[in-house]
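Below: one structure, written as structure tokens.
Read the figures in this text as sums done on the coordinates, not as results from a lab. Quantities reported herein were computed from a predicted structural model and do not represent experimental measurements. Cβ atoms come from the backbone with ideal geometry, glycine included; neighbour counts cover every protein chain shown.
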Amino acid sequence: MATRSRHSSPSASPSSTDRARPSRATLRAAWLLAALAACACGDDGGDGDGADAGPDASGEVCGPGDAPADGVIVDVGGDPEAGVVFGQLGSSANNDCPPPESGGATSITIQGAQTDPADPVPFLTLCLPRPHLIESEPVPLVDDAILDEDTRVQLIDLLAAPADGCSLDIDGDRAPTGQVTFSGFCDDGVNAAGYALSFAATVPLLRTCGEDPAEPVDAELSGEVAVSAGSL
């Protein structure tokens, strides 16, 4: 059986959807450039206290409610020095992970920064290929190699710099497990009020410390966080 890897080479005849989808490296480079620009401009991000916009046309209450701005906990072995917290999540209809079928809403990209310990370079990236099908029920978190008819949330990338001096990077040869729950998610994710995410997942990472070879570790992804819409 062949080993699945998100870093495997594309097929000789990729579909038009594959050709249109930005690579993980492209999205990572874009985030790093944005992070450097934010540092230069002194951007301090949102305050995480955005008010709900009230019901949308369907009666859904929109917005993150009382979800905090910094709340995505990455726990590695229960050691607080080995894990990090992500926050200041923003999202936009960038069409970075379009599904193969036509119709539906434009796919949504979500990105956030490492806030504890604070570092402007590390990041977390998710993509929603079918935001028009997201409801209040938990949905599986999958990697960017999976885009079948049930895919709702893809983990695209995660790069972290814990206080212990090591680094954490996504392990492309293993898949995440667990779920993500949306609340206040209106108008296919583009409502100006934003929304909230709750995580209960396990994410495969590679941990590198100094000159030692990278070792595979499993990180628990948990917590609730506010997401601002149209902010990427």
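Observations on the structure shown:
- q = 0.24, 0.31, 0.32, 0.33 Å⁻¹, region 135-179: log10 I(q)/I(0) [Debye, one scatterer per Cα]: -0.88, -1.14, -1.18, -1.21
- Karplus-derived HN-Hα couplings along region 146-162 (A = 6.51, B = -1.76, C = 1.60, θ = phi - 60°), whole Hz, x at Gly and Pro: 10, 9, 9, 5, 9, 5, 10, 10, 10, 8, 8, 7, 8, 9, 9, 10, x
- Net +/- balance of residues flanking Cys127 in space, Cβ distance below 9 Å, scoring K and R +1, D and E -1: -2
- 3J(HN,Hα) along region 109-124: 9, 10, 9, x, 10, 6, 10, 8, x, 4, 7, x, 8, x, 7, 10 Hz, from the Karplus curve 6.51 cos²θ - 1.76 cosθ + 1.60 with θ = phi - 60°, whole Hz, x for Gly and Pro.
- Formal net charge of residues neighbouring Val142 (Cβ-Cβ distance under 9 Å; K, R +1; D, E -1): -3
- By other beta-carbon atoms within 10 Å, ranking Glu81, Glu224 with the fewest at the front produces Glu81, Glu224.
- Multiplying each eigenvalue of the alpha-carbon gyration tensor of region 60-229 by 5 and taking the square root yields semi-axes of 27, 18, 13 Å, largest first, rounded to whole angstroms.
- Bins of 5 Å from zero: percent of alpha-carbon pairs in region 136-223: 3, 13, 20, 21, 18, 12, 8, 4, 2, 0
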